[in-house]
Amino acid sequence: MRHGKKINHLGRTDSHRKAMLANMASSLIKHKRITTTLAKAKALRMYVEPMITKSKTDTTHSRRIVFSYLQDKETVTELFRDVAAKVANRPGGYTRIIKLNNRLGDNAEMALIELVDYNEVYGKDTDAAEKKTTRRGRSRSKKADAPAAEATATTEEATTEAPAEEAAAPAEGEEAKEA
């Protein structure tokens, strides 16, 4: 039984799994997104996110710890220089997994794993969503809304008068038909 054992062994020995995850983490940091199977992407997320958190504090000790996992100087340099600057104010959740179609050869579930702050497509949508803050409800006091209430009252009167006139026109036409 595997009670409480969170790690997915991915059908590999311990040394093979560690080497594979180190290589995938290096590729993710260099290229900002990679395509892999869904199980490997989930395992990679658990592997790389603590390293990105370590990269926020640029000390010799944290560089050595990350290097012990990655074994690649250029990747460690890019992680501490570029990636850490982008994720400095993010409290966690540095990666995003997007499911893709199944692989043609063996029908394996495929996924795209990417660093969240490097995707320009999603970044533009979130900036636009943050700028739009319209409130529809009346949660504030009436004194604060008094000038706005007068403006909306005049527009409501204009819109309610037009349908009332249209409703009166068919009524007159009905009277003409009856006469």
Select from the range 94-111 the residues that are in contact (Cβ under 8 Å) with a residue 40 or more places away in the chain and either in a loop (DSSP other than H, G, I, E, B) or among the polar types (S, T, N, Q) (or both) and list them in ascending order.
94, 95, 100, 103, 108, 109
I'm told residue 129 meets every condition in (1) outside any loop (DSSP other than H, G, I, E, B); (2) modelled with pLDDT of 75 or more; (3) of a type outside the set (S, T, N, Q) except one. Can you identify the failing condition by its number?
(2)
Quick check on my filter: what residues within the range 46-76 are touching a Lys or Arg at 6+ places or on another chain (Cβ under 9 Å) and farther than 26 Å from residue 7 by Cβ?
58, 74
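At least 2 residues that are touching a strand residue (DSSP E or B) at 6+ places or on another chain (Cβ under 6 Å) in each: list the helices (runs of 4 or more DSSP H) lying fully within the range 20-89 that qualify. Give the steps one after another, and end with the answer.
Details: elements: 38-55, 60-70, 73-78.
In the range 20-89, 38-55 are the helices (runs of 4 or more DSSP H) which contain 2 or more residues that are touching a strand residue (DSSP E or B) at 6+ places or on another chain (Cβ under 6 Å).
Mind telling me which of the residues 104, 100 ends up being among the hydrophobic types (A, V, I, L, M, F, W, C), in contact with a strand residue (DSSP E or B) (Cβ under 8 Å, 6 or more places away or on another chain), surrounded by fewer than 18 Cβ atoms within 10 Å (Cβ to Cβ) and more than 24 Å from residue 18 (Cα to Cα)? Quick ask: steps written out before the conclusion?
Working: 104 fails: in contact with a strand residue (DSSP E or B) (Cβ under 8 Å, 6 or more places away or on another chain).
After ruling out the rest, the residue left standing is 100.
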Pick from the range 1-19, criterion within 21 Å of residue 108 (Cα to Cα) and part of a helix (DSSP H, G or I), ranking: farthest from the chain's Cα centre (by Cα):
16
Those residues of the range 35-52 which are open to solvent by 30 Å² or more (accessible area, probe 1.4 Å) and either at pLDDT below 95 or under 18 Å from the mean Cα position of the chain (by Cα) (or both) amount to 35, 42, 45, 46, 49
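The values are calculated or read from the model by the stated rules, or taken from the named source; none is laboratory data. It should be emphasised that the depicted structure is a prediction, and the values quoted were computed from it without experimental measurement. Reconstructed Cβ throughout: ideal geometry from the backbone, glycine too, with neighbour counts over all protein chains shown. To get the accessible areas, we keep the full protein, side chains included, count just its heavy atoms, and leave off ligands, DNA and RNA. Shrake-Rupley method; radii C 1.70, N 1.55, O 1.52, S 1.80 Å.
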